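Engineer: Can you keep this structure in mind? I'll have questions shortly.
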Ligand code: PYC
């Protein structure tokens, strides 16, 4: 039934933990909630989602809402393409307006080398059936008429990788729509419930300890973005992950004049204009490891300097707010997804700055893994064991942030 006046209950948070669940999902962000949503397709409803803060308070609420699939490796491009395709139908599936705008995505090239790399990416994408093209400065100007593309800048624009299916989506709406579906499917959502320990017996996790009591679990999923290595350590296992912050900020709303996502790897910026008119801008990942989600002055200086070179019209726009999110980085900048050495403990980790883009496909794949016990082919390349067999999937430098 369509619910245009939002009469349907969004969700009711659970208060009491049961002593046992078939599936315990740690992390109430986009991956955890998407998994609960897709578990419905397998008739699995005895599910608890444990979130230490409010739902969507981690990476799901701290990203810059960009979706795309123009990755560098065939494995990555194929995987994120499946995610974009799910996102295309997700609003209808959830009966929730996600404000998905497939306005297109431009990765600017400022050197011969960058043009060569973009041509290579376009070719990898094309072979996967993904719309991704190398374009020259005139076409760039057509797509972003308000952007300054003149020659007298620090980094003149030689061309771009243009990816028409890319775009932006309302990140909070994704969280809310998935949470409603998970709730309607019977999953319990427990906000403000922190996991404090995992009890392991041999190759299995038997008990999840929380600040609200202990629960037994058939399967445990670690969907905690920045905190994934901390949770893994509770299970007495290590993930090859370092945790960094990624900073972003947003201006006050201005009249619409940009309807394509603009990314520059050389200038380390990505810029889009939201449906509210705000310019949403982000920078590269900070090179030091930390869990302190605080902005730095350097970030604001570098980001605004580079943004103003591209969009001098924003000179008087005020910044409304800035924030930082946690990114857990794997050695090859690809995720660590699926089974671990612990039989009933699966992970969705190591997303770096790509996690939000992958939410629906992660949910679908993890739900299939839980239901069948088998790793779906699409995610086999992202198994943890690749770091032991030396079969890396390098997505290094596949974004303005991953250098
Ligand atoms: O990979 O598109 C990307 C991205 C944007 C912001 C952070 N990562």
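One line per residue, one yes/no per condition, for (1) within 16 Å of the ligand (Cβ to nearest atom); (2) surrounded by 19 or more Cβ atoms within 10 Å (Cβ to Cβ); (3) modelled with pLDDT of 95 or more; (4) under 27 Å from residue 108 (Cα atoms):
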position	(1), (2), (3), (4)
354	yes, yes, yes, yes
359	yes, yes, yes, yes
365	no, yes, yes, no
372	no, no, yes, no
385	no, no, yes, no
399	yes, yes, no, yes
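Engineer: Looking at region 68-84 only, could you name the residues that are over 13 Å from residue 166 (Cα atoms), within 12 Å of the ligand (Cβ to nearest atom) and either touching a strand residue (DSSP E or B) at 6+ places or on another chain (Cβ under 6 Å) or in a loop (DSSP other than H, G, I, E, B) (or both)?
Structural biologist: As a first pass, look at region 68-84 and keep what is over 13 Å from residue 166 (Cα atoms): 72-76, 78-79.
With the extra rule that they be within 12 Å of the ligand (Cβ to nearest atom), the set shrinks to 72, 76.
Listed by number, the list holds a single entry, 72.
Engineer: If you scan region 245-264, which residues turn out to be farther than 15 Å from residue 140 by Cβ and touching a residue at least 60 places away in the same chain (Cβ under 8 Å)?
Structural biologist: 245, 246, 247, 248, 249, 250, 251, 252, 254, 257
Engineer: With the requirement that a residue be in a strand (DSSP E or B) and surrounded by fewer than 24 Cβ atoms within 10 Å (Cβ to Cβ), what does region 326-344 give you? Let's see the steps before the verdict.
Structural biologist: The initial filter retains those residues of region 326-344 that are in a strand (DSSP E or B), namely 326-329, 336-338.
326, 329, 338 - these are the residues of region 326-344 that are in a strand (DSSP E or B) and surrounded by fewer than 24 Cβ atoms within 10 Å (Cβ to Cβ).
Engineer: What residue, among those in region 304-313 that are in contact (Cβ under 8 Å) with a residue 40 or more places away in the chain and out of contact with any strand residue (DSSP E or B) (no Cβ under 6 Å at 6 or more places or on another chain), is farthest from residue 269 (Cα to Cα)?
Structural biologist: The residue in question is 313.
Engineer: Can I ask one more? Could you check region 101-136 and list, in sequence order, the residues that are in contact with a helix residue (DSSP H, G or I) (Cβ under 8 Å, 6 or more places away or on another chain), closer than 21 Å to residue 378 by Cβ and in contact (Cβ under 8 Å) with a residue 60 or more places away in the chain?
Structural biologist: 130, 132 - these are the residues of region 101-136 that are in contact with a helix residue (DSSP H, G or I) (Cβ under 8 Å, 6 or more places away or on another chain), closer than 21 Å to residue 378 by Cβ and in contact (Cβ under 8 Å) with a residue 60 or more places away in the chain.
Engineer: While we're on this one: Condition first: in a helix (DSSP H, G or I), away from the ligand (no atom under 16 Å from the Cβ) and under 19 Å from residue 220 (Cα atoms). Can you find one or more residues in region 41-55 that meet it?
Structural biologist: Kept after step one, since they are in a helix (DSSP H, G or I), are these residues of region 41-55: 41-42.
Retained after the next criterion (residues that are away from the ligand (no atom under 16 Å from the Cβ)): 41-42.
Still in the running and under 19 Å from residue 220 (Cα atoms): 41-42.
Checked region 41-55: at least one residue is in a helix (DSSP H, G or I), away from the ligand (no atom under 16 Å from the Cβ) and under 19 Å from residue 220 (Cα atoms).
Engineer: Return yes when residue 155 is touching a strand residue (DSSP E or B) at 6+ places or on another chain (Cβ under 9 Å) and at pLDDT below 95 and no when it is not.
Structural biologist: Details: touching a strand residue (DSSP E or B) at 6+ places or on another chain (Cβ under 9 Å): yes; at pLDDT below 95: yes.
Answer is yes for this residue.
Engineer: Given the residues 334, 330, which is the only one that is within 16 Å of the ligand (Cβ to nearest atom), over 14 Å from the mean Cα position of the chain (by Cα) and closer than 24 Å to residue 287 by Cβ?
Structural biologist: From the options 334, 330, the qualifying one is 330.
Engineer: Could you check how many residues of region 228-279 are surrounded by 22 or more Cβ atoms within 10 Å (Cβ to Cβ), more than 12 Å from the ligand (Cβ to nearest atom) and modelled with pLDDT under 95?
Structural biologist: 1
Engineer: Condition first: modelled with pLDDT of 95 or more, surrounded by fewer than 17 Cβ atoms within 10 Å (Cβ to Cβ) and assigned to a loop (DSSP other than H, G, I, E, B). Can you find one or more residues in region 18-32 that meet it? Step through it out loud before you land on a result.
Structural biologist: Initially, region 18-32 is screened for residues modelled with pLDDT of 95 or more, giving 18-32.
Adding the requirement that they be surrounded by fewer than 17 Cβ atoms within 10 Å (Cβ to Cβ) leaves 18-20, 22.
Then drop every residue that is not assigned to a loop (DSSP other than H, G, I, E, B), which leaves 18-19.
The answer is yes, given that some residue of region 18-32 is modelled with pLDDT of 95 or more, surrounded by fewer than 17 Cβ atoms within 10 Å (Cβ to Cβ) and assigned to a loop (DSSP other than H, G, I, E, B).
Engineer: Continuing with the same structure: Condition first: within 11 Å of the ligand (Cβ to nearest atom), more than 16 Å from residue 172 (Cα to Cα) and outside any strand (DSSP E or B). Can you find one or more residues in region 85-99 that meet it? Spell out the reasoning first.
Structural biologist: First, pick out the residues of region 85-99 that are within 11 Å of the ligand (Cβ to nearest atom): none.
Taking every residue of region 85-99 in turn, none turns out to be within 11 Å of the ligand (Cβ to nearest atom), more than 16 Å from residue 172 (Cα to Cα) and outside any strand (DSSP E or B).
Engineer: Also, quick follow-up: Among the residues of region 280-297 satisfying the criterion of being farther than 23 Å from residue 396 by Cα and away from the ligand (no atom under 15 Å from the Cβ), which is nearest to the chain's Cα centre (by Cα)? Walk me through how you get there before you give the answer.
Structural biologist: Our first condition is that a residue be farther than 23 Å from residue 396 by Cα; within region 280-297, this holds for 280, 292-297.
Then drop every residue that is not away from the ligand (no atom under 15 Å from the Cβ), which leaves 292-297.
Values: 292: 19, 293: 17, 294: 20, 295: 20, 296: 22, 297: 25 Å.
Only one residue tops the list, namely 293.
Engineer: Could you tell me which numbered condition residue 30 fails, if it satisfies all but one of (1) over 19 Å from residue 224 (Cβ atoms); (2) within 16 Å of the ligand (Cβ to nearest atom)?
Structural biologist: Of the numbered conditions (1) over 19 Å from residue 224 (Cβ atoms); (2) within 16 Å of the ligand (Cβ to nearest atom), the odd one out for residue 30 is (1).
The values are calculated or read from the model by the stated rules, or taken from the named source; none is laboratory data. Keep in mind that this is a model prediction, so the values were computed, not measured. Every residue, glycine among them, receives a Cβ derived from its backbone with ideal geometry; neighbour counts consider all protein chains shown.
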